[in-house]
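Each remark here refers to the structure printed beneath this line.
The values are calculated or read from the model by the stated rules, or taken from the named source; none is laboratory data. Being a predicted model, the structure only gives us computed values, none of them experimental. Heads up, the Cβs are rebuilt from the backbone with ideal geometry, glycines too, and the neighbour counts pull from every protein chain shown.
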Amino acid sequence: MTRFRRPAQALCAFFCAAGLSLILCVVPGCSKRNPAPNVSPSERVLFSFERPTMLPMVGGTARRAIVAEHATHGKRCLRLSIAPKTETVILDSTAFPMDWRGWTSLKVDMYRDAAPIRLNLRLTDKQNRRHWVWSTRVEPGANTLEYDLSQLRDKIDLSAVTELMWYAEEASGRLYMDHIRLSKGISAENPNI
């Protein structure tokens, strides 16, 4: 009988024996070939565009691709080409609703290589309740957008978030998105809250 030092190793062995090797990229510590990036216990990564298999979870009208330039978490990020009538991007997790309870903020790394742009964020829950939450100005260069989740408690079910949708006002140019995560803290200097 094989003994495992960590529960994650036992879990990986079980899934691998069952032919479900896809789980290796999800459970930290399972694969020495694909180790999980350093993750702080005060943050939980929701989306990081390291694999082309992430692209089907991205919808909306904006043209999109997974690329290397301007990645902040790993080696790849999502590039959006936005223009009038192609101004939305949707991250869909309807099949696996996300539990955001206990987290204080949503953070997103963005890079803008053109003039400033205003983005609006809408969240949807499992009961299809939608709430437009924020309008944020994205400046040229690197940005970390941070959204205070405390104002959502009565608006949507934070135990079952299924969709994040950004809509660009006066859409034009490219926008890069990466490292979408929940955090236990809010930055005092962040103007996007």
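Answer yes or no as to whether HIS179 is under 14 Å from the mean Cα position of the chain (by Cα) and either farther than 16 Å from GLY59 by Cβ or of a type in the set (Phe, Trp, Tyr) (or both).
So HIS179 passes the test.
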Quickly run through the stretch 140-189 and pick out the residues that are out of contact with any Cys (no Cβ under 7 Å at 6 or more places or on another chain), surrounded by 13 or more Cβ atoms within 10 Å (Cβ to Cβ), among the acidic types (Asp, Glu) and under 26 Å from ASP113 (Cβ atoms).
GLU146
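In the stretch 133-148, is there at least one residue being of a type in the set (Phe, Trp, Tyr), in the same structural domain as GLY60 (by TED's automatic domain parsing), at pLDDT below 95 and part of a strand (DSSP E or B)?
Within the stretch 133-148, one or more residues are of a type in the set (Phe, Trp, Tyr), in the same structural domain as GLY60 (by TED's automatic domain parsing), at pLDDT below 95 and part of a strand (DSSP E or B).
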Within the stretch 15-38, is there a residue that is of a type in the set (Phe, Trp, Tyr), at pLDDT below 50 and more than 22 Å from SER172 (Cα to Cα)?
yes
Which ones in the stretch 166-193 are at pLDDT 95 or above and either assigned to a loop (DSSP other than H, G, I, E, B) or farther than 23 Å from GLY141 by Cβ (or both)?
LEU182
Test: ASP92 is touching a residue at least 12 places away in the same chain (Cβ under 8 Å), in contact with a helix residue (DSSP H, G or I) (Cβ under 7 Å, 6 or more places away or on another chain) and of a type in the set (Asp, Glu):
yes
Which numbered condition ALA168 fails, given (1) more than 19 Å from ARG101 (Cβ to Cβ); (2) within 15 Å of the chain's Cα centre (by Cα)
(2)
Listing of strands (runs of 3 or more DSSP E) fully contained in the stretch 35-124 that carry 2 or more residues being assigned by TED's automatic domain parsing to the domain that holds ALA142, closer than 14 Å to VAL138 by Cβ and hydrophobic (A, V, I, L, M, F, W, C):
77-82, 105-112
Please go through the stretch 77-103 and pick out each residue that is crowded, with 16+ Cβ neighbours inside 10 Å and either closer than 25 Å to GLU170 by Cβ or touching a Gly at 6+ places or on another chain (Cβ under 7 Å) (or both).
CYS77, LEU78, ARG79, LEU80, ILE82, THR86, GLU87, THR88, VAL89, ILE90, LEU91, ASP92
